[in-house]
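To start, the structure itself, in structure tokens.
The values are calculated or read from the model by the stated rules, or taken from the named source; none is laboratory data. Since the structure is predicted, the reported quantities are computational estimates derived from the model, not experimental observations. Reconstructed Cβ throughout: ideal geometry from the backbone, glycine too, with neighbour counts over all protein chains shown. Surface accessibility is based on the protein's heavy atoms, side chains included, excluding ligands, DNA and RNA. Shrake-Rupley method; radii C 1.70, N 1.55, O 1.52, S 1.80 Å.
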Amino acid sequence: MKVTVFGTGYVGLTQAVCLAQVGHSVLCMDINAERVAALSEGHCPIFEPGLAPLLEKNLACGRLRFTTDAAEAAQYGRLHFIAVGTPPQADGSADMRYVFSVIDSILEHADGPKVIVNKSTSPVGTVDRIKARISQAVADADRYQVISNPEFLKEGSAVEDCMRPDRIIIGGAAPAEVELLRELYQPFSRNHEKVMVMDARSAELTKYAANCMLATKISFINEMANLAEHLGADIEMVRRGIGSDPRIGYDFIYPGCGFGGSCFPKDLQALRRTAEAEGLDPLLLGAVEAVNQRQKSRLFSKIQRHYPGGLHGKVFALWGLSFKANTDDIREASSLVLLEALWAAGASVQAHDPQAMHEIQRHYGARPDLKLVPCKDDALEGADALVIVTEWQDYRVLNLDKVPQQLADRVVFDGRNLFEPEHMAAAGLTYYGIGRGQVNPPCPY
Ligand SMILES: NC(=O)c1ccc[n+]([C@@H]2O[C@H](COP(=O)([O-])OP(=O)(O)OC[C@H]3O[C@@H](n4cnc5c(N)ncnc54)[C@H](O)[C@@H]3O)[C@@H](O)[C@H]2O)c1
């Protein structure tokens, strides 16, 4: 099938590559000329496991192409996927200008019937707004079908998620378009039927509800972690204790230094604004967001408390800059909050990340209080303390024969609870985790 994908970010590029991989012919359009040029040469501009080899392969066999030409893009596919950003505006509501600029360019250039499939996370009512825009702009509005098809991939496993989706939600499609999308997605549904058909508004709300539910689980466990610290309990025991209940489950209840990324924070805010615009007071969404904001400062608060004399001149080794493991994405990352607080207090940072250092370099530029090092051990050289912000696999083992000697102040602040407090103490390190209250007497198991 011939498909156009608008937007070559985490969603658009992954979607385009996966559709090409199963045999569809895909033209990908982006307004970022530099990105399009790099992609056309086979250079993958983002880190996503498994994406680069599939990009190269499908470019080489001609099933995948990239362009900045809006007219060519609008005329190419029968299906037009929209996968552009919907970032937050100053008031938290979703900025829909990129989605509507794609619609306008399709309307300007399209030369036949088109099925417009919106994958960008968009407020409830967007399909209706797009239809209204089309009706205003053209006389033959019934040439265009508009469908909501929210995307549920996770950065870090985007290719895997796209190839083996849990569900494919199709919202607001007439029977003919449902069949078209079933056919398109059939290669991803071989194990069992993944397609769920519903109305457009329910599809749009499903995406927000899913992200807000996951964010709620994280803020909930972080609230419990803070309680555990005060009550002399260990949140890691509590996590296992509650996770074993299948109604709760182990996923998304890892305590830590807050969630970031381009989705949870913005989707929480956008759904809140949607609810408020309806005259509702979405108390839970506000609380989830507030808990997360506070949690992002927890590591710095612990550091400040450890150093009552101040942080001026202190050198911190920092492991992990991306908002989570297996991505180079630093949008809304907890590392940004920590870096800026450390710098404001007069400390400097020697940071390592397996993939996100170029993004941090781009974000902050060169500055004397930030040194980016190629190897995690280099960050420890000459440092006073170690801070762990992202749960990369690379950081899961600490060389306890060396690290205590390398850190002048022998202290570790662990924002992801990668280590056991007793092991750290036995190695002569002062260790701060999240929610690891002083259990008294210590648990012998
Ligand atoms: N990143 C995720 O994990 C994820 C997961 C599910 C859903 N989503 C949603 O998918 C959408 C895209 O997210 P993303 O992370 O891929 O965004 P992104 O910021 O990584 O990429 C967006 C791309 O769209 C391009 N663009 C902007 N205007 C354009 C236009 N008029 N025509 C063509 N291209 C244009 C930009 O240049 C950019 O390359 C958002 O609504 C997001 O909430 C994201």
**Item:** Within region 125-136, tally of residues that are of a type in the set (A, V, I, L, M), surrounded by 14 or more Cβ atoms within 10 Å (Cβ to Cβ) and either farther than 18 Å from residue 278 by Cβ or outside the structural domain of residue 74 (by TED's automatic domain parsing) (or both)
**Value:** 2
**Of all residues in region 16-51 being within 16 Å of residue 77 (Cβ to Cβ) and touching a Cys at 6+ places or on another chain (Cβ under 6 Å), the one that is nearest to the ligand (Cβ to nearest atom)** = 16
**Request:** May I ask you to say which residue of 222, 226 is of a type outside the set (Val, Ile, Thr) and in contact with a Pro (Cβ under 7 Å, 6 or more places away or on another chain)?
**Result:** 222
**Request:** Please work out if residue 335 is surrounded by 20 or more Cβ atoms within 10 Å (Cβ to Cβ), outside any loop (DSSP other than H, G, I, E, B) and not aliphatic (A, V, I, L, M).
**Result:** yes
**Residue count for region 104-121, restricted to those that are farther than 24 Å from residue 153 by Cα and either within 14 Å of the ligand (Cβ to nearest atom) or assigned to a loop (DSSP other than H, G, I, E, B) (or both)** = 10
**Item:** Filter result for residue 160 (touching a residue at least 60 places away in the same chain (Cβ under 8 Å) and either more than 22 Å from residue 273 (Cα to Cα) or part of a strand (DSSP E or B) (or both))
**Value:** yes
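For (1) modelled with pLDDT under 95; (2) out of contact with any His (no Cβ under 9 Å at 6 or more places or on another chain); (3) among the charged types (D, E, K, R), each residue gets a yes or a no:
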{"position": "311", "(1), (2), (3)": "no, yes, no"}
{"position": "317", "(1), (2), (3)": "no, no, no"}
{"position": "320", "(1), (2), (3)": "no, no, no"}
{"position": "327", "(1), (2), (3)": "no, yes, no"}
{"position": "340", "(1), (2), (3)": "no, yes, yes"}
{"position": "346", "(1), (2), (3)": "no, no, no"}
{"position": "361", "(1), (2), (3)": "no, yes, no"}
{"position": "372", "(1), (2), (3)": "no, no, no"}
{"position": "382", "(1), (2), (3)": "no, yes, no"}
**Message:** Among (1) open to solvent by less than 20 Å² (accessible area, probe 1.4 Å); (2) away from the ligand (no atom under 15 Å from the Cβ); (3) under 22 Å from residue 331 (Cα atoms), there is one condition residue 91 misses while meeting the rest; what is its number?
**Reply:** (1)
**Item:** Enumeration of residues in region 52-68 that are open to solvent by 10 Å² or more (accessible area, probe 1.4 Å) and either within 12 Å of the ligand (Cβ to nearest atom) or over 13 Å from residue 25 (Cβ atoms) (or both)
**Value:** 52, 53, 54, 56, 57, 60, 66, 67, 68
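Scan region 11-34 for residues that are charged (D, E, K, R) and crowded, with 20+ Cβ neighbours inside 10 Å and report the count.
1
Here is a yes/no grid of residues against (1) surrounded by fewer than 22 Cβ atoms within 10 Å (Cβ to Cβ); (2) within 11 Å of the ligand (Cβ to nearest atom); (3) under 19 Å from residue 173 (Cα atoms):
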residue	(1), (2), (3)
70	yes, yes, no
97	yes, yes, no
102	no, yes, no
123	yes, yes, yes
**Prompt:** Where in region 205-312 are the helices (runs of 4 or more DSSP H), entirely inside, with at least 1 residues that are β-branched (Val, Ile, Thr) and free of Cβ contacts under 8 Å to residues at least 24 places away in the same chain?
**Reply:** 235-243
**Request:** Scan region 312-332 for residues that are away from the ligand (no atom under 16 Å from the Cβ) and either open to solvent by 10 Å² or more (accessible area, probe 1.4 Å) or not assigned by TED's automatic domain parsing to the domain that holds residue 356 (or both) and jot them down.
**Result:** 312, 313, 314, 315
**Asked** Among the numbered criteria (1) in the same structural domain as residue 337 (by TED's automatic domain parsing); (2) within 16 Å of the ligand (Cβ to nearest atom), which single criterion is violated by residue 218?
**Response** (1)
**Prompt:** In region 171-219, how many are open to solvent by 30 Å² or more (accessible area, probe 1.4 Å), within 19 Å of the chain's Cα centre (by Cα) and of a type outside the set (D, E, K, R)?
**Reply:** 6
**Prompt:** Taking interchain pairs and intrachain pairs at least six residues apart, which have beta carbon atoms under 9 angstrom, with the first residue in region 38-67 and under 27 Å from residue 392 (Cα atoms) and the second open to solvent by 40 Å² or more (accessible area, probe 1.4 Å) and of a type in the set (S, T, N, Q)?
**Reply:** 45/32; 47/326; 47/355; 48/326; 49/326; 54/21
**Asked** Does residue 225 meet the test of being outside the structural domain of residue 93 (by TED's automatic domain parsing) and in contact with a strand residue (DSSP E or B) (Cβ under 9 Å, 6 or more places away or on another chain)?
**Response** yes
**Prompt:** Looking at region 347-367, which of its residues are more than 21 Å from the chain's Cα centre (by Cα) and open to solvent by 30 Å² or more (accessible area, probe 1.4 Å)?
**Reply:** 348, 366, 367
